[in-house]
1. Is it true that Gly125 is small (Gly, Ala, Ser), farther than 16 Å from Val144 by Cβ and in contact (Cβ under 8 Å) with a residue 60 or more places away in the chain?
2. What number of residues in the stretch 89-129 are buried (at least 20 other Cβ atoms within 10 Å of the Cβ) and more than 18 Å from Ala73 (Cβ to Cβ)?
3. Could you tell me which residue of the stretch 63-88 is nearest to Pro146 (Cα to Cα), considering only residues that are of a type in the set (Val, Ile, Thr) and buried (at least 21 other Cβ atoms within 10 Å of the Cβ)?
4. Out of all the residues in the stretch 64-112, which are touching a helix residue (DSSP H, G or I) at 6+ places or on another chain (Cβ under 7 Å), touching a residue at least 24 places away in the same chain (Cβ under 8 Å), of a type in the set (Gly, Ala, Ser) and not in a helix (DSSP H, G or I)?
5. Among what's in the stretch 134-145 and is assigned to a loop (DSSP other than H, G, I, E, B) and touching a residue at least 40 places away in the same chain (Cβ under 8 Å), pick the residue that is farthest from Ala9 (Cα to Cα).
6. In the stretch 14-42, which residues are more than 22 Å from Asn145 (Cα to Cα) and assigned to a helix (DSSP H, G or I)?
7. Consider Thr43 against the criteria (1) touching a helix residue (DSSP H, G or I) at 6+ places or on another chain (Cβ under 9 Å); (2) crowded, with 18+ Cβ neighbours inside 10 Å: it satisfies all of them except one. Which criterion is unmet?
8. Limited to the stretch 46-60, what total is found for residues that are hydrophobic (A, V, I, L, M, F, W, C) and either surrounded by 15 or more Cβ atoms within 10 Å (Cβ to Cβ) or assigned to a helix (DSSP H, G or I) (or both)?
Amino acid sequence: FIRLRDLVAADAATRLGIDPLRMQAAWAGADQPHQLAVLAGLTQLGVPYRYLARKPGVGFDCSGLTSWAWEQAGLAIPRSSRYQINDLPEITMATAQAGDLVYYPGHVMLYLGVDYAILQSPRTGRVVTVASVWNRKLEKLRWVNPLG
């Protein structure tokens, strides 16, 4: 498990131009459910955005991806981004770990544990991808930990 986790972390970091060792350390520092949620979510890279969808290999909207990833880690969280953010405990970026949820109005993502790196299903015409949150969105970000 550890070897696979480290390989996937290094790949995600490389895609984002982040030092792979930093991402590997961030993932190693996360608890196992958080690690599993991130790894599950990353299996869906390249899957198309589909509004109100939550079908592996077929399509996801943003909250469909986050709820599905956490379900693979053994935790059912609300399906809607609004409820994911309002019903789960808010945390700070300083305490966030890989797998926590990052939200700005209208969009929820999985945090990858380093800087503003995220996994998301962004919008129609796009696919599940790793990215960094846009600078203009930073002041509106909220962070939640699905485990409480």
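The values are calculated or read from the model by the stated rules, or taken from the named source; none is laboratory data. These numbers come from a predicted model, not from an experiment. When we count neighbours, we look across all protein chains shown, and the Cβ atoms used for this are built from the backbone with ideal geometry, even at glycine.
1. When the stated conditions are applied, Gly125 passes them.
2. Of the residues in the stretch 89-129, 3 are buried (at least 20 other Cβ atoms within 10 Å of the Cβ) and more than 18 Å from Ala73 (Cβ to Cβ).
3. Restricting to residues being of a type in the set (Val, Ile, Thr) and buried (at least 21 other Cβ atoms within 10 Å of the Cβ), the top hit is Ile77.
4. Those that are touching a helix residue (DSSP H, G or I) at 6+ places or on another chain (Cβ under 7 Å), touching a residue at least 24 places away in the same chain (Cβ under 8 Å), of a type in the set (Gly, Ala, Ser) and not in a helix (DSSP H, G or I): Ala73, Gly74, Ala98, Gly99.
5. Among them, the one singled out is Leu141.
6. Thr14, Arg15, Leu16, Pro20, Leu21
7. (2)
8. So the answer is 3.
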